[in-house]
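Right, one structure below, let's go through it.
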Amino acid sequence: MSQQTVLFDKHKQYGGKIVDFAGWLMPINYGSQIEEHHQVRNDAGMFDVSHMTVVDLNGDRVIPFLQYLLANDVARLKQSGKALYSCMLNEQGGVIDDLIIYYMSDQWVRMVVNAGTRDKDLAWIEKQSKAFDVTVTERAETAMIAVQGPNAREKALSVLPLDVSQAAAELKRFEGCDSGEWFVGRTGYTGEDGFEIILPESEAVALWDALAEAGVKPSGLGARDTLRLEAGMNLYGTDMDETTSPLISGLGWTIAWQPADRDFIGRKPIEKEKAKGVEQKIVGLVLTDKGVLRGHQKVIVEGIGEGEITSGTFSPSLKKAIALARVPAAIGDTCQVEIRGKLLNAKVVKPVFFREGKSCLD
């Protein structure tokens with residue numbers, strides 16, 4: 001049976017079209033996905049992301065534990081509130097999940113993982129934590145609202161409780177602050193500035209209404225997907241999963257190879273893969289012929305081989321069809337995509353298309 005967030009009634013009140021997403025009844029849009037997309041790019045929009053899983057890790061050995069659990073190195077973080085993006089790998093080097101952690105102290109780190117991977121993530125983390133005597137606490141009593149866009153911070157700060165607003169106003173990119181029951185991260189999944197606000201469920205409805213009153217428009221999962229794809233951000237289960245390593249998923253930059261003696265889970269298989277030479281990689285595609293790029297369409301690289309689109313859409317900001325695709329590493333500047341039996345031409349670009357109001361295409 002599908003679950004509902006504490007904001008479910010608000011989604012219906014605001015005209016949300018409800019769909020099942022990862023076992024949750026969530027709004028795909030509130031009337032126009034395109035308008036919501038542009039609202040975030042040009043002003044401020046808000047997303048209910050209360051289906052995401054917030055986990056607190058506590059203990060004297062929480063940092064050594066996370067150095068073992070994650071491909072990125074938490075020990076780099078020295079400032080309280082600093083955030084880090086990382087993959088959590090299995091023993092074969094496949095991606096169990098991608099996640100954000102906030103380093104609060106040497107005894108406390110907050111983690112936010114994906115909704116669709118909650119059960120397996122928590123089971124894996126619990127299993128690995130036992131050897132380190134780390135306490136794993138899911139914060140199921142919280143809600144989470146993402147406020148994104150060039151005017152998002154200003155509008156959010158105007159309605160947050162005073163103590164929360166004062167602390168959040170000082171945040172730099174990829175930092176978070178704890179104000180008792182409220183937690184604010186200057187993070188997001190849209191390629192725009194903004195906040196992700198974790199707060200008690202009992203206060204989420206009032207914040208949603210206050211943000212709407214301040215001119216922050218409700219936005220659904222549809223716009224969130226086109227925004228993240230324009231920004232070149234991976235979607236778990238689509239652009240990577242347990243069968244793919246970060247090296248062939250455009251996530252090699254999230255692996256901390258130093259110190260060389262840090263033995264994180266999955267290190268040995270991906271070290272071998274790297275030494276052998278990676279045969280595939282994630283690239284960006286821009287369709288130069290008329291059509292729309294979608295996931296699982298075949299990519300043909302003449303004289304080299306084939307690949308596959310992992311995520312594709314029509315970009316509202318660029319007014320072009322764009323995609324992320326896993327292709328042969330030797331790909332050049334062009335390729336073809338098979339769409340309905342026809343081969344259409346595409347340009348190969350860096351896998352970031354549009355961020356913070358600007359095109360990233362050459």
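Coordinate-derived values only; no laboratory data. Everything numeric in this text was worked out from a predicted model, so none of it was measured. All Cβ positions, even for glycine, are placed from backbone atoms using ideal geometry, and neighbour counts span all protein chains on display.
Between LEU162, LEU229, LEU66, find the one with the highest GNM mean-square fluctuation for the chain; connect C-alpha pairs within less than 10 Å.
LEU162
List the aspartates and glutamates whose Cα sits under 18 Å from the Cα of LYS320, skipping any in the same chain fewer than 8 residues away.
LYS320 reaches GLU35, GLU36, ASP225, GLU230, ASP289, ASP333, GLU338, GLU356, ASP362.
Considering only PRO161, PRO316, PRO200, give the residue with the highest GNM mean-square fluctuation for the chain, with springs between Cα atoms whenever their separation is below 10 Å.
PRO161
Please list, short to long, the whole-number percent of alpha-carbon pairs of region 162-298 in consecutive 5 angstrom bins beginning at zero.
Calculated over all Cα pairs of region 162-298, the distribution is 2, 7, 12, 15, 14, 13, 13, 11, 8, 4, 1, 0 percent.
Here are some pairs, LYS155/LYS358; LYS120/LYS274; LYS172/LYS358; LYS82/LYS298; LYS120/LYS319; LYS217/LYS281; which of them have Cα atoms lying more than 29 Å apart in this structure? Let's see the in-between values first.
Details: LYS155/LYS358 22 Å; LYS120/LYS274 27 Å; LYS172/LYS358 21 Å; LYS82/LYS298 40 Å; LYS120/LYS319 38 Å; LYS217/LYS281 37 Å.
In this structure, LYS82/LYS298; LYS120/LYS319; LYS217/LYS281 lie more than 29 Å apart at Cα.
Can you sort SER165, SER219, SER2 so the residue with the fewest Cβ neighbours within 10 Å comes first? Don't jump to the answer; show the numbers that get you there.
Details: SER165 16, SER219 29, SER2 12.
Sorted ascending by nearby Cβ count, the order is SER2, SER165, SER219.
If amide hydrogens are placed 1.01 Å from N in the peptide plane, which non-local residues have theirs closer than 5 Å to the one on THR334?
VAL348
How many percent of the alpha carbon pairs in the chain exceed a separation of 39 Å?
Roughly 15 percent, rounded to a whole number.
Pull up all non-local amide H partners of ALA143: gap of 5 or more, or a different chain, and H-to-H distance under 5 Å with H placed in the peptide plane.
Those lying under 5 Å, H to H, from ALA143 are LEU199, GLU201.
Between GLY16, GLY305, GLY252, find the one with the highest GNM mean-square fluctuation for the chain; connect C-alpha pairs within less than 10 Å.
In the Gaussian network model the winner is GLY305.
Pairs of alpha-carbon atoms within less than 8 angstrom and 6+ residues apart define the contacts here; what relative contact order does the chain have, in percent?
Numbers: 839 pairs, mean separation 65.1, N = 362.
It rounds to 18 percent for the chain.
Let me have the 222 nm mean residue ellipticity of the chain computed from DSSP H runs of 4+ only, each contributing -39500 (n - 2.57), with the sum over all residues rounded to the nearest 500.
Details: 9 runs with 79 residues, N = 362.
Calculated mean residue ellipticity at 222 nm is -6000 deg cm²/dmol.
Provide, for q = 0.21 Å⁻¹, the log10 of I(q)/I(0) from a solvent-free Debye sum over equal Cα point scatterers in region 205-362.
-1.30
Can you check how the C-alpha radius of gyration of region 144-238 compares to 2.2 N^0.38 Å, as a plain ratio? Before the final figure, lay out each step's value.
Numbers: Rg = 13.2 Å, N = 95, 2.2 N^0.38 = 12.4 Å.
Here the answer is 1.06, to two decimals.
At 4 °C and 1.567 mPa s, what whole-number value in µm²/s does Stokes-Einstein give for the translational diffusion of region 12-64, with Rh from the Kirkwood sum over Cα pairs? Each step should come with its number before you reach the end.
On the way: Rh = 13.8 Å.
The diffusion coefficient I find is 94 µm²/s.
Can you put HIS11, HIS296 in order of Cβ neighbours within 10 angstrom, beginning with the fewest? Don't skip to the answer; put the middle values down first.
Details: HIS11 21, HIS296 9.
Fewest to most other Cβ atoms nearby, the residues stand as HIS296, HIS11.
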